[in-house]
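Every number in this text was worked out from the coordinates using simple rules, so none of it is lab data. None of these values were measured; they are calculated from a predicted model. Note: ideal-geometry Cβ built from the backbone for every residue, glycine included; neighbour counts use all protein chains shown.
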Amino acid sequence: MEVVFLIAAFNALFFSLLLYQKRPAAKQDTILIFWMLYLGFYTGIYGLTSSFLFTDYPLWSAAFISLLMLHGPFLYWYARSLVLPQGRLRTADLFHLLPFILFNLYILFSSHNPSSAEGIRLDHSADHGGESPIFVVFLVLTALSGPIYFAVTISLFKRLDIRIFNQFSSLKDINLGWLRNLVIAFGVVWTLLMAAAILHHLFRFFSWSFCTDGLALSLSIFILLIGYFGLRQREIFPSIVNMPSVADDSADRKYSSSNLKTEDALNVKSLLEQHMAAKKPYLNPELSLPQLAAEINVSPHHLSQVINEHFERNFFDFVNWYRV
């Protein structure tokens, strides 16, 4: 089994190198590079030390387990960089690292306090007492971080669907079907393994190696899938105007701050109809809202407003209405 983890670590480093050399580089690629390096470090260290880390080095093993708190934030940051036009990391995003930092500060404090260190142990031995309540809290937070971030990431896909229907005429290569399926599948596996780990600590069900090997193996499979598909994933919103993405269908609410006058809107509507009839831009399978707006020399925001208000359709339905 250790060989599998080491191979996964090598693949993670290999994918990182390929992503670094990828041209043109997309904003999500930088996040994926660091995510791959993190996954490679985790699986590699586990493959090298799993036979003795949890029994001989309780504090180091606790710090190692705390690394699992980083997987959720990386997943969320990567998905958001794809879903949102301005999905780059912000200073506020560093707060996602706070539980991980606090966990390791507690471990550092315990390393200088023998009584606290006694309460930090992941395996169960006969001469060892119960875990520290604070340590148990951090273990629970580690277990919950995965399902929470999986749920938050899935919620991002709803926003992606709205943006796709407002700005694109085709779903090919942009609806992130591979990432949706991966998040759901891995979320279920992660949740089951974390539940097994909790049952192990509470009722001594399963074995500790079953839980840790399962997590490392699932991460190894995850590395292959996220690396392969992530390397092929193009940037969805490279330079697209940040359009309204609210789920409310009310055009009045979406465009309440628009400066487009009624007369100008009618002119845009007439220009659009003439262009669609004469140039047939809908024959382009990759037609997007910014591209069509540039062809008729209007802003994407105003074009979206005209399509929504005067044709009572989103961009996706409008273009495919002509294609039928």
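Before moving on, here are some points about what is shown:
- q = 0.17, 0.24 Å⁻¹: log10 I(q)/I(0) that the Debye formula gives for the range 95-187, counting C-alpha atoms only: -0.82, -1.17
- Count Lys and Arg as plus one, Asp and Glu as minus one, and take only other residues whose Cβ is under 14 Å from that of Phe138; the net charge is then 0.
- On Cα atoms only, tilt of 27-49 relative to the major axis of the chain in degrees: 20
- For the chain, the residue among Pro58, Val324, Phe205 whose Cα projects farthest onto the positive side of the dipole built from Cβ charges is Val324.
- With 10 Å bins from 0: P(r) over the range 135-234, alpha-carbon pairs, percent: 14, 38, 28, 15, 6, 1
- Ignoring lysines fewer than eight residues from Lys279 along the same chain, the ones with Cα atoms less than 18 angstrom from its Cα are Lys269.
- In whole angstrom, the chain maps to an equivalent ellipsoid with semi-axes of 50, 20, 16, each derived as √(5λ) from the alpha carbon gyration tensor and ordered largest first.
- Under 21 Å from the Cα of Lys158 - lysines, other chains or at least 8 residues apart: Lys27, Lys172, Lys254
- Close amide H pairs (under 5 Å, H built 1.01 Å from N) link Glu131 with no residue at least 5 positions away or on another chain.
- When the convex hull of its Cα atoms is viewed from all sides, the range 251-323 shows a mean projected area of 4.4 nm².
- Subtracting the Cα-Cα distance of Lys261 and Phe165 from their residue separation scaled by 0.36 nm leaves 32.1 nm.
- Computed from Cα positions, the angle between helix 262-278 and the longest principal axis of the chain comes to roughly 90 degrees.
- In sequence order, the range 89-106 has phi-based couplings of 5, 10, 4, 5, 5, 5, 5, 5, 8, 4, x, 4, 5, 5, 4, 6, 5, 5 Hz under the Karplus curve 6.51 cos²θ - 1.76 cosθ + 1.60, θ = phi - 60°, and Gly or Pro positions carry x.
- Note on Ala92 and Ser209: their simple-model spin labels are 4.7 nm apart, each label 7 Å out from Cα toward Cβ.
- Principal semi-axes of the equivalent ellipsoid, √(5λ) from the alpha carbon gyration tensor of the range 1-48, are 23, 9, 5 Å from largest down.
- As an equivalent ellipsoid, the range 1-106 spans semi-axes of 27, 20, 8 angstrom, where each value is the square root of five times an eigenvalue of the C-alpha gyration tensor, largest first.
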